[in-house]
1. Look through B:Ser273, B:Ser314, B:Ser253 and report the one residue that is among the polar types (S, T, N, Q), away from chain A (no Cβ under 11 Å) and surrounded by fewer than 24 Cβ atoms within 10 Å (Cβ to Cβ).
2. For B:Val127, are the conditions met, namely being assigned to a helix (DSSP H, G or I) and either modelled with pLDDT under 95 or not basic (Lys, Arg) (or both)?
3. Would you confirm, using the coordinates I've provided, whether B:Ala77 is in a helix (DSSP H, G or I) and among the small types (Gly, Ala, Ser)?
4. Out of (1) open to solvent by 40 Å² or more (accessible area, probe 1.4 Å); (2) within 14 Å of chain A (Cβ to nearest Cβ), what's the single condition that is false for B:Val217?
5. Out of region B:289-299, which residues are more than 9 Å from chain A (Cβ to nearest Cβ) and either without any contact (Cβ under 8 Å) to a residue 12 or more places away in the chain or farther than 23 Å from A:Asn349 by Cα (or both)?
6. Collect the residues in region B:138-165 that are under 19 Å from B:Asp108 (Cα atoms) and open to solvent by 40 Å² or more (accessible area, probe 1.4 Å), keeping them in residue-number order.
7. Within region B:312-329, take every residue that is part of a loop (DSSP other than H, G, I, E, B) and in contact with a helix residue (DSSP H, G or I) (Cβ under 6 Å, 6 or more places away or on another chain) and give me the one that is nearest to B:Ala186 (Cα to Cα).
8. Working carefully through the options B:Ser253, B:Ser260, B:Ser273, find the one that is polar (S, T, N, Q) and under 18 Å from the mean Cα position of the chain (by Cα).
Protein chains: 2
Amino acid sequence: VIRGSVNHYARGVGATADQTTTAAPGTLMAAEMAEQPSRLAALLARRREVVRELRALLPDRPIGTVLVARGSSDHAATCGRYLLEMASGRPVSSASPSVHTLYRSEVDFSGHLVVAVSQSGRTPEIVEVVERARATGGRAVAITNDATSPLARSADMVIALEAGDERAVPATKTVTCQLAAFAMLAQALGEIGLDDASAGSLPGQVAHVLADVDPAVQLAEWLLGANRLATVARGLLYGAAAEAALKIEETTSVFASAFSAADLRHGPIAIASTGIAVLAFAHPGPACADVLDLVEDLAVRGARTKLAGPVPGSDLPWPAAAPEALAPILAVARAQQLARFLALRMGRNPDAPSGLTKVTVT
Amino acid sequence: VIRGSVNHYARGVGATADQTTTAAPGTLMAAEMAEQPSRLAALLARRREVVRELRALLPDRPIGTVLVARGSSDHAATCGRYLLEMASGRPVSSASPSVHTLYRSEVDFSGHLVVAVSQSGRTPEIVEVVERARATGGRAVAITNDATSPLARSADMVIALEAGDERAVPATKTVTCQLAAFAMLAQALGEIGLDDASAGSLPGQVAHVLADVDPAVQLAEWLLGANRLATVARGLLYGAAAEAALKIEETTSVFASAFSAADLRHGPIAIASTGIAVLAFAHPGPACADVLDLVEDLAVRGARTKLAGPVPGSDLPWPAAAPEALAPILAVARAQQLARFLALRMGRNPDAPSGLTKVTVT
């Protein structure tokens, strides 16, 4: 049986056994969130090196890109998917590991770039996809926290996040560093707005968000009665909305799903009439008007709606100066804050959510 | 503002104004579901023609495939994605229309096959992606119900579903015909098990499922108290699980989400402790053991679990003789039945769910 969760559960157990009995609830998650500005600054400082290395690996532009990831890493990959598609002008797909690990289909990755994302770099099925890709002519980049991991060793090139150990079960600093790594990769393939100015400003913008706790506390209070949450976004922020849903679900067991604004209109909009709580993410840019418009429509239909981002009427703002390509990092920092406050307010320990501590490695 | 839902709402309005005031609730949906065996038989009879036409369009194998769809069509595309990846051995991606319609990124589809899926063929953003793909060197196949639609006219090749008008708001016969069309396309690129015997047996297998109502009635009764449902599958059936979640959510407003078994283990498994209802889909094949194993794990953690498919302990079986490539069609027929019975039992009209009848075309 292939498991995608080995490292996840292992982290859960570590936190339970070693940390959460001695620290106040939410301490680990807060500490790891607080590391983000410095970890991001260190990572972004290596962006010229990444550009150089990727261009050496890929003298010709890839004919397509395949992303391999699970869980929070997969949400970072969803944001990365838009960035890489815009930067490369070529289709970007998300691998279905089961095609390789269970069905064992014959494949041909020649000309394709594979980007594999895993915090620990120890998820066997992700390593297996990378190995099959390289064996059939693909080039592989690993985005991982551990430059000595099996995943790192299996790839042609590694972007080591150097985010440090993650001891709280909900991944935080790893995810925002993964998002930054995708921006660096994309900038190596095309222009997405990651220049000296935006890279230099981002860590301070994240610090600003993390210090500005009141809006997140208030939004957590508003969410307290909800047992259903829909997060909504479109385009570059969609992956951030997916990560927000997962983070809230992981830490609070509130049932949360992410929708692209376009998909929500195409059927599931009926759930608005149930009075569901909706949290929409928007940043100034081409996708913004569509999201704001949907939020109005949802409110008319009976949903309880809140807005996140530097937009009019926002309940959870972040700095508008960031280019949209980096906005997912600010949105995810907001989502971490919200998930943590909501879990604490519900009397739960976000460092070690129930149900996530059992080792199920086989 | 780009809308993906024009035809969807238009159908909703039609049903409200013309039909649902005169027919008993659920009549339209039942009639359209009942057409499926004959519609599928007629479509599958054209499979040699599809193989011939596709091979003429693509003398060389595509270097990648891009799928474009929304809503239920997107769930058919998710099943198609596994089939095409297994058949072609090349990456298959799901287009993000916003990259083209909102961000207007420069793109290059040369060497790629685009498969666009839309019941009406009138969703402007899908037509736009096809036009951009062809203008930059891609080849496009349209899967649509209307061979004279803008989408059909924009593509190199059309698989006309000829499923007839769909007047109930929840798409049924269109979705199963789309799934059959994907199987035909995939069989043109590689071996997926669609031969004379399996194509000939499928319509009868669907008829058998539709006539066997008791298990679906009982499962609807079991779901009655649930306000949260997780559908689960892996591999070829994952898209069917996603369609099941959408169909139930559309018709009943019960909050439903689909999970791949691997993703559910990687974090959201915590929701099991909330006593959530879980409906897992499995068919004999490489992905089956993983799903059955997860269901046991979820039950231990406190979830209320039920199984669909021809597997031990199943609550909602379908014929085991179908190849796994065609099992999504049987799973979706079961999901339609379940959604319809549950909606009726809840006093709702599945033909015209609330919230889905307002025209929002702009």
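1. Values: B:Ser273 fails: away from chain A (no Cβ under 11 Å); B:Ser253 fails: away from chain A (no Cβ under 11 Å).
The conditions single out B:Ser314.
2. Values: assigned to a helix (DSSP H, G or I): yes; either modelled with pLDDT under 95 or not basic (Lys, Arg) (or both): yes.
So B:Val127 fits the description; yes.
3. Values: in a helix (DSSP H, G or I): yes; among the small types (Gly, Ala, Ser): yes.
So B:Ala77 passes the test.
4. Here B:Val217 clears every test but (2).
5. Looking only at region B:289-299, we keep the residues that are more than 9 Å from chain A (Cβ to nearest Cβ), and these are B:291-292, B:294-296, B:298-299.
Result: B:Val291, B:Leu292, B:Leu294, B:Val295, B:Glu296, B:Ala299.
6. Correct list: B:Arg139, B:Asp156.
7. Step one: list which residues in region B:312-329 are part of a loop (DSSP other than H, G, I, E, B), which gives B:312-315, B:317-326.
Right, trim to in contact with a helix residue (DSSP H, G or I) (Cβ under 6 Å, 6 or more places away or on another chain) and you get B:315, B:318-319, B:322-326.
Details: B:Asp315: 30, B:Trp318: 23, B:Pro319: 22, B:Ala322: 16, B:Pro323: 14, B:Glu324: 13, B:Ala325: 10, B:Leu326: 12 Å.
Checked region B:312-329; the qualifying residue nearest to B:Ala186 (Cα to Cα) is B:Ala325.
8. Numbers: B:Ser253 fails: under 18 Å from the mean Cα position of the chain (by Cα); B:Ser273 fails: under 18 Å from the mean Cα position of the chain (by Cα).
Unique residue meeting the criteria: B:Ser260.
The values are calculated or read from the model by the stated rules, or taken from the named source; none is laboratory data. Quick caveat: nothing in here was measured; it's all calculated off a predicted structure. Methodologically, a virtual Cβ is constructed for each residue, glycine included, from the backbone with ideal geometry; neighbour enumeration extends over all protein chains shown. All accessible areas refer to the heavy atoms of the entire protein, side chains included, with ligands and DNA or RNA removed. Shrake-Rupley method; radii C 1.70, N 1.55, O 1.52, S 1.80 Å.
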